[in-house]
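Student: Before we start, here is the structure in question, set down as structure tokens.
The values are calculated or read from the model by the stated rules, or taken from the named source; none is laboratory data. Since we're looking at a predicted model, the values are computed, not measured. A quick note on method: Cβ atoms are made from the backbone with ideal geometry, for glycine too, and the neighbour counts reach across all protein chains shown. The protein model used for the area step is the full one, side chains on, heavy atoms only, and it has no ligands, DNA or RNA in it. Shrake-Rupley method; radii C 1.70, N 1.55, O 1.52, S 1.80 Å.
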Amino acid sequence: MGAPEKLATSSNNSMQRVKVYRLNDDGKWDDQGTGHVTVDYLERSEELGLFVVDEEDNETLLMHRICSDDIYRKQEDTIISWRDSEFSSEIALSFQETTGCSYIWDHICNLQRNLHFDTIRNDSYHGANNELRELPAVELSTLPSILKVVVDGSVTDQLCVTELILHDQIFFRKLMDLFRVCEDLENKDGLHMIYKIVKGIILLNSPQIFEKIFSDELIMDIIGCLEYDMETPHVHHRNFLKDHVVFKEAIPIKDPLALSKIHQTYRIGYLKDVVLPRVLDESTLASLNSMIHSNNGMVVTLLKDDTTFIKELFARLKSPTTSPDSKRNLVFFLQEFCTLSKSLQVVQQLRLFRDLVNEGIFSVITDILQSEDKKLVLTGTDILIFSLNQDPTMLRSYVSRQEGVPLLGLLVKGMLTDFGDDMHCQFLEIIRSLLDSFSSGGQQRDAIVEIFYEKHLDQVINVITSSCPPNGSKNSAKPEILMNICDLLCFCVLHHPYRIKCNFLLNGVVDKVLHLTRRKEKYLVVAAIRFIRTLISHNDEHLMSYIVKNNVFKPIVDAFICNGSRYNLLNSSVLELFEHIRKENIKTLLKYLIDTFWNELAKFDSLPSIQSLKLRYDQAQEHATNNQNNNTETRKRVDERGLEKEEEDYFNEDSDEEDSASMTRGGRIRTRPGPGVSNGSGGLVDYEDDEDDEDYKPPPKKHLEEDEGTLEFRLKRKFLAKKEETDIIKKRKLVGKTQTQKPKESVFATLCSTLSQTVLPSTTTSTTDNKSTNEENKSEESEAGKGVAQL
């Protein structure tokens with residue numbers, strides 16, 4: 001069968017390289033070895049089977065007879081499995097390439113279809129063609145009979161017809177000869193009959209028949225037959241394919257199988273999309289797409305395995321002597337090559353892309369993006385998108401190095417360039433992927449982010465300021481470019497919030513972006529509002545203070561006022577911004593909005609969002625007032641409790657230090673009830689200067705020799721006595737309330753305890769002093785007794 005047969009018998013083709021697995025009794029898959037699978041006749045038999053030959057010693061790893069039972073399963077595009085009744089075990093073939101798996105699977109399906117046909121042919125059944133053993137002879141008079149056999153009948157009949165057509169090796173050659181005769185004779189009826197026969201054969205949806213009709217020797221005549229559809233105007237498809245379709249080889253392809261598959265793929269696509277778009281059913285369309293996919297994978301595999309081909313391609317792309325037209329074709333070929341590689345397995349795609357990176361694909365794209373040909377530049381971005389889909393870390397690694405820095409600048413320049421009708425967001429997509437904070441490769445990503453903010457952020461912002469009134473002119477950027485800039489800035493705010501203060505606030509980026517509110521395009525005004533909305537979502541106090549200080553919301557409110565009562569996207573975006581501030585209870589912005597713009601916003605108080613905003617403001621103000629009053633009362637209570645605590649601490653103070661000092665100097669200590677004491681409560685204070693105490697008897701003068709230290713001590717005690725007297729007066733009411741019911745015995749016990757602690761004599765005093773002290777103690781005890789009697 002031509003190229004497919006060659007492929008099937010080539011045991012060295014990587015697309016048919018498989019691993020053989022057998023399921024053991026433990027439920028695990030045992031690896032039986034690696035080899036190459038083919039479909040061939042069993043020895044001394046007319047039956048076909050699967051053969052797997054070991055790739056090292058050429059021994060047979062597997063020999064399986066293909067049966068008509070529905071036991072075969074295709075899994076994940078690379079695995080074919082079945083239950084082998086001969087060994088009562090599960091067998092699985094794991095293919096290296098998806099194209100090889102598809103090829104063998106198609107063979108199995110076709111062989112099963114043939115086996116079904118043989119079974120049906122041997123059975124007796126009643127059908128329209130149950131006696132059909134061969135097709136009618138291909139003649140002008142038998143065309144109606146052939147058409148009836150091909151078009152009419154059940155599914156079983158169609159299987160029979162398919163098998164008969166495949167077994168008749170000269171059927172298509174005779175039919176095409178008859179077509180040329182009818183065309184020369186301008187026999188419209190015969191041409192129309194042949195058109196219906198060919199269309200019916202295509203709708204039989206047989207891969208083997210497709211291989212025949214899309215071959216080089218038949219395809220042009222097949223397309224010629226399909227030109228004579230009497231229901232549509234005559235279209236000369238053959239003239240178009242001969243005169244206008246030119247196969248351009250940017251670089252010579254030496255593999256004949258690859259060339260054959262390239263031509264076949266184009267013809268299948270042309271027939272599917274141009275010749276028979278209204279005729280094909282879904283199943284036939286799916287089969288044709290499967291053939292295209294399989295051919296693409298086969299072509300890419302054949303080319304990528306040819307190392308000299310890849311090296312020659314990049315050598316020509318990098319050569320300064322390559323002409324512009326030739327280089328243009330090479331770039332288009334590289335783009336097509338990358339697109340076709342999607343037919344490979346993911347692992348194979350990644351391996352191919354790494355080979356392209358090693359050959360210098362990024363430096364080639366850097367050179368492409370500097371071209372004045374805008375179509376060529378867009379083609380370069382398509383290749384970059386392919387690289388991002390494969391492995392973004394490779395592109396980030398290149399851009400983060402010194403040689404890759406110009407590529408980032410060219411991407412920013414491309415995003416700001418007007419490409420006319422071909423304007424798109426591919427540049428924006430690539431830049432966002434490079435700046436993505438959630439991507440792997442943190443060090444490389446941080447280096448790219450640093451380069452962008454340092455070298456390109458101002459360049460992007462300047463495009464906005466130069467495109468908005470009053471600076472806007474005829475040379476201002478297109479609205480699509482400004483929209484892309486806003487999208488990129490919103491992305492930066494979300495992914496690099498730590499850059500807001502140093503790169504957005506200090507450089508005035510926020511105010512410059514709001515220049516877009518001066519544009520007449522409402523969607524640009526909405527884009528600026530969306531940027532502010534993204535910005536305040538971080539709820540940073542420094543940012544909020546900046547907004548209030550610089551009156552950032554003024555252009556937004558002005559745009560809202562100018563929009564009036566029109567219910568549009570601008571109206572909704574501003575109301576959503578206000579609603580966010582209210583729900584998040586951003587008090588700084590809430591107060592700023594109402595205090596600054598309420599006179600303007602009051603006109604829209606019928607809107608629920610404006611009403612809710614004002615209500616939240618009033619609640620916040622009321623809450624703040626209540627908090628202030630509560631804080632004032634709390635401070636008063638704290639002050640009062642503090643005063644009470646000081647007074648309580650004073651009464652609990654230990655006066656040992658004063659008593660020790662008094663006893664050391666040999667002075668007397670006198671006790672008496674404190675002033676203002678009532679209801680059994682009293683104070684114990686030393687009053688040196690009290691002249692009203694008649695019972696007080698000073699000691700002899702010879703025992704009262706004072707030095708300078710003693711005099712100083714006396715003055716200090718006098719000051720403290722006055723202070724204590726004042727404190728006792730303040731405490732009078734509190735003590736009176738708490739101790740009005742205290743029994744006299746408790747007062748007397750407290751008094752005696754205090755006296756015992758304060759009048760203990762010192763063991764270090766002289767004998768003369770002891771006598772003097774004893775006399776004083778007797779005098780003071782007498783006074784204390786009088787005080788108790790008074791109480």
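Student: Show me, for region 134-139, the HN-Hα J-couplings you get by feeding each phi into the Karplus relation (A = 6.51, B = -1.76, C = 1.60, θ = phi - 60°), rounded to Hz, glycine and proline as x.
Tutor: 7, 6, x, 4, 7, 9
Student: Region 550-565 to region 309-336: how many Å between their Cα centroids?
Tutor: 54 Å
Student: Given a 1.4 Å probe and heavy atoms of the protein chains only, how would you sort Leu203, Leu378, largest accessible area at the top?
Tutor: Reading off the accessible areas and sorting them downward yields Leu203, Leu378.
Student: A further question follows. Solvent-accessible area of Leu218, probe 1.4 Å, all protein chains present, reported in Å² to the nearest ten, please.
Tutor: Leu218 has an accessible surface of roughly 30 Å² with all protein chains in place.
Student: At a Förster radius of 41 Å, what calculated FRET efficiency corresponds to the Cβ-Cβ distance of Tyr72 and Arg173, to the nearest 0.05?
Tutor: Working: r = 34 Å, r/R0 = 0.82.
That pair, Tyr72 with Arg173, gives E of 0.75.
Student: May I ask which residue of Ala250, Thr265, Leu288 lies farthest towards the positive end of the charge dipole of region 247-320, with charges of +1 (Lys, Arg) and -1 (Asp, Glu) on Cβ and the Cα centre as origin?
Tutor: Ala250
Student: Tally Lys and Arg at +1 and Asp and Glu at -1 over the other residues with C-beta under 12 Å from the C-beta of Ser326: what net charge comes out?
Tutor: So the surrounding residues net to +2.
Student: Tell me the relative contact order for region 193-321 as a rounded percent, counting alpha carbon contacts under 8 Å between residues six or more apart. It would help to have the intermediate numbers written out before the result.
Tutor: Working: 74 pairs, mean separation 33.3, N = 129.
Across region 193-321, relative contact order equals 26 percent.
Student: So, one more: Residue by residue, what Karplus-based ³J(HN,Hα) values in Hz, rounded to whole numbers, does region 18-26 have, using 6.51, -1.76 and 1.60 with θ = phi - 60° and x for Gly and Pro?
Tutor: Going residue by residue, I get 9, 10, 9, 10, 10, 7, 8, 5, 7 Hz, with x marking Gly and Pro.
Student: Starting from the exponent 0.38 and prefactor 2.2 Å, build the expected Rg for region 231-297 from its residue count and divide its actual Cα Rg by it.
Tutor: Details: Rg = 14.0 Å, N = 67, 2.2 N^0.38 = 10.9 Å.
Cα Rg divided by the expected 2.2 N^0.38 Å: 1.28.
Student: While we're on this one: Taking a probe of 1.4 Å, how large is the accessible area per residue of region 246-325, in Å²?
Tutor: 51 Å²
Student: Also, quick follow-up: Total Lys pairs in region 183-324 closer than 17 Å by alpha-carbon, pairs eight or more apart in sequence or interchain only?
Tutor: The number of close lysine pairs in region 183-324 is 12.
Student: A further question on this structure: Please list, in order along region 443-457, the HN-Hα scalar couplings obtained from phi with the Karplus expression 6.51 cos²θ - 1.76 cosθ + 1.60 (θ = phi - 60°), rounded to whole Hz, x for Gly and Pro.
Tutor: Values per residue, Gly and Pro as x: 5, 5, 4, 5, 5, 5, 4, 4, 5, 5, 5, 6, 10, 10, 5 Hz.
Student: Hey, with R₀ at 30 Å, roughly what FRET efficiency would Gln621 and Ser572 work out to, going by the Cβ-Cβ distance, to 0.05?
Tutor: Working: r = 28 Å, r/R0 = 0.93.
Step by step, r from the Cβ atoms, then E = 0.60.
Student: Given charges of +1 on the Cβ of Lys and Arg and -1 on the Cβ of Asp and Glu, with all other atoms neutral, how large is the dipole of region 136-284 about its Cα centre, in debye to the nearest 20?
Tutor: The calculated dipole for region 136-284 is roughly 320 debye.
Student: Could I ask something else about it? Counting only protein heavy atoms and a 1.4 Å probe, tell me what percentage of region 474-590's accessible area is made up of carbon and sulfur.
Tutor: The value for region 474-590 is 53 percent carbon and sulfur by accessible area.
Student: Same structure, new question: Net charge around Ser290, counting only other residues with Cβ within less than 13 Å of its Cβ (Lys, Arg = +1; Asp, Glu = -1)?
Tutor: Value of the local net charge: -2.
Student: Another one. Which one, Leu411, Phe491, Phe427, is farthest towards the positive end of the dipole of region 409-515 when Lys and Arg carry +1 and Asp and Glu -1 on their Cβ?
Tutor: Looking along the dipole axis, the top candidate is Phe491.
Student: Considering only lysines 8 or more places apart in sequence, or on different chains, count the pairs in region 440-581 whose C-alpha atoms sit under 24 Å apart.
Tutor: Number of lysine pairs found: 18.
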